[in-house]
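The values are calculated or read from the model by the stated rules, or taken from the named source; none is laboratory data. Everything numeric in this text was worked out from a predicted model, so none of it was measured. So basically every Cβ, Gly included, is an ideal-geometry build from the backbone, and we count neighbours across all protein chains shown.
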Amino acid sequence: MDSTEEDGALSVRTAWISDLHLGTPGCQARALLEFLRTTECQTLYLVGDIIDGWQLRRSWYWPQSHNDVVQKILRKARKGTRVIFVPGNHDEFARRYVAHNFGGVDIVEDCVHTTADGRRLWVTHGDLFDGVIQCAKWLA
């Protein structure tokens, strides 16, 4: 295993987060913030639907806890964590910024992660394989 635990803090090589849906009342921002505070990682993947642009267009909802999550992710990037953001369907607005870096966060369409034992994993949100999203977006 490629992790250690000291003083309640978890240290791992890579952490993966997806489907946060910041901008919605159902988002578990406080629990996520606790996870981010107690987990150190070399690489942090944000794999789509981090911000729910669909919901924010309908009704604005953005409490301080959602700001806190964004700030904590940016702080991790500043302190040396490699942060990679793969936009999903709910944060598709970010796809126009693929190949850019904002505040230490690399925005990519997809990427390949190599595990500690050399296996290669394709990192993508998966909405490209959703028939409803691809063929009847209005239904989603």
Which pairs have Cβ atoms under 6 Å, sit 6 or more apart or on different chains, and link a residue in region 75-92 that is within 13 Å of Asp106 (Cα to Cα) to one that is modelled with pLDDT of 95 or more and part of a helix (DSSP H, G or I)? Val83/Ala77
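Under the condition of being among the acidic types (Asp, Glu) and in a helix (DSSP H, G or I), which residue from region 49-101 is nearest to Glu34 (Cα to Cα)?
Asp68
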Within region 45-68, track down each residue that is of a type outside the set (Gly, Ala, Ser) and touching a helix residue (DSSP H, G or I) at 6+ places or on another chain (Cβ under 6 Å). His66, Asp68
Only one of Glu40, Glu34 is without any contact (Cβ under 8 Å) to a residue 60 or more places away in the chain, surrounded by fewer than 21 Cβ atoms within 10 Å (Cβ to Cβ) and in contact with a Leu (Cβ under 9 Å, 6 or more places away or on another chain), namely Glu40
Matching residues in region 18-31 - criterion: being closer than 14 Å to Asp91 by Cα and surrounded by 17 or more Cβ atoms within 10 Å (Cβ to Cβ): Leu20, His21, Leu22, Gly23, Thr24
